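Here the structure is laid out as structure tokens; the discussion comes afterwards.
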């Protein structure tokens, strides 16, 4: 129970923690106030509490597929915010930062709402078991602490380089997180037969099982799947391709301007 709870809470907090650290590093580059981060965090926590409180009713929606549909919608909304942010990082100047902060704030609030609601639902199921709840709270605190620590380390690792390298690291990590969200979203929709699963493309479980501790953590942040289907692979590649195409087009455009 101890290890399982640590992993569960760490898995739920890791994606939000890494994403938050990346967005704060972008904010730091523009020397902007962090008030929007605190505001988004508060809205995210309120949203998580509300979603958890109506969770049973949501689960009954759409012929008992409400949970998958709502979670997929939240994931898709975060994905959209990250794609917009990646395009902004490539194309636009710092003077547009005030507008993009709103997108970043929405992404943080939605991520905290999504992951936080899972934690609240987990602990609400243990309220009738006092002894188990105390152990779970202790384990959860350890998992939360590790998740926060990983986020802090990620922030300093990304921010410790020159502005150009830092920007490229931010863009790469955001692209990988966004791609991972497409895998997680597609899996939810496959569960309710909204999209076809397709055939299995490969099996890398012998190298890294998605059920291992590391596999679960990489899945939480980057959407790692040991046995991906053709649909999941296609969506992952599509996201990377879109961001890469925008980046390369801008790079060639800038290069042509310098040579003329």
Check on residue 28, touching a residue at least 60 places away in the same chain (Cβ under 8 Å), over 14 Å from the mean Cα position of the chain (by Cα), surrounded by fewer than 17 Cβ atoms within 10 Å (Cβ to Cβ) and in a helix (DSSP H, G or I): yes
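Does residue 251 fit the bill of being surrounded by fewer than 13 Cβ atoms within 10 Å (Cβ to Cβ) and modelled with pLDDT of 90 or more? Spell out the reasoning first.
Numbers: surrounded by fewer than 13 Cβ atoms within 10 Å (Cβ to Cβ): yes; modelled with pLDDT of 90 or more: no.
No: the conditions fail for residue 251.
Give 89, 169, 133 a once-over and let me know the one that is touching a residue at least 40 places away in the same chain (Cβ under 8 Å) and either closer than 20 Å to residue 237 by Cα or surrounded by 14 or more Cβ atoms within 10 Å (Cβ to Cβ) (or both). Give the steps one after another, and end with the answer.
Values: 169 fails: touching a residue at least 40 places away in the same chain (Cβ under 8 Å); 133 fails: touching a residue at least 40 places away in the same chain (Cβ under 8 Å).
Going through 89, 169, 133 in turn, just one is touching a residue at least 40 places away in the same chain (Cβ under 8 Å) and either closer than 20 Å to residue 237 by Cα or surrounded by 14 or more Cβ atoms within 10 Å (Cβ to Cβ) (or both): 89.
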Qualifying residue in the range 181-189 (condition: within 20 Å of residue 87 (Cα to Cα), modelled with pLDDT of 90 or more and crowded, with 20+ Cβ neighbours inside 10 Å): yes
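Taking the range 245-260, which residues are free of Cβ contacts under 8 Å to residues at least 24 places away in the same chain and either within 18 Å of residue 83 (Cα to Cα) or assigned to a helix (DSSP H, G or I) (or both)?
If the condition is that a residue be free of Cβ contacts under 8 Å to residues at least 24 places away in the same chain and either within 18 Å of residue 83 (Cα to Cα) or assigned to a helix (DSSP H, G or I) (or both), then 245, 248, 249, 251, 252, 253, 254, 255, 256, 257, 258, 259 are the ones that fit.
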Total residues in the range 194-205, condition within 26 Å of residue 114 (Cβ to Cβ) and modelled with pLDDT of 90 or more: 2
Residue tally, condition free of Cβ contacts under 8 Å to residues at least 24 places away in the same chain and assigned to a helix (DSSP H, G or I), over the range 103-130: 3
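Which one is surrounded by the most Cβ atoms within 10 Å (Cβ to Cβ) among residues in the range 205-233 that are touching a residue at least 24 places away in the same chain (Cβ under 8 Å) and either out of contact with any helix residue (DSSP H, G or I) (no Cβ under 8 Å at 6 or more places or on another chain) or outside any helix (DSSP H, G or I) (or both)?
Taking the range 205-233 first, the residues touching a residue at least 24 places away in the same chain (Cβ under 8 Å) are 213, 216-217, 219-225, 227-233.
Subsequent filtering for residues that are either out of contact with any helix residue (DSSP H, G or I) (no Cβ under 8 Å at 6 or more places or on another chain) or outside any helix (DSSP H, G or I) (or both) retains 223-225, 227-230, 233.
Working: 223: 26, 224: 18, 225: 24, 227: 13, 228: 23, 229: 20, 230: 13, 233: 16.
Only one residue tops the list, namely 223.
The values are calculated or read from the model by the stated rules, or taken from the named source; none is laboratory data. Small disclaimer: the values here were computed from a predicted structure and weren't measured. Cβ coordinates were reconstructed from backbone atoms using ideal geometry, including for glycine residues, and neighbour counts include every protein chain displayed.
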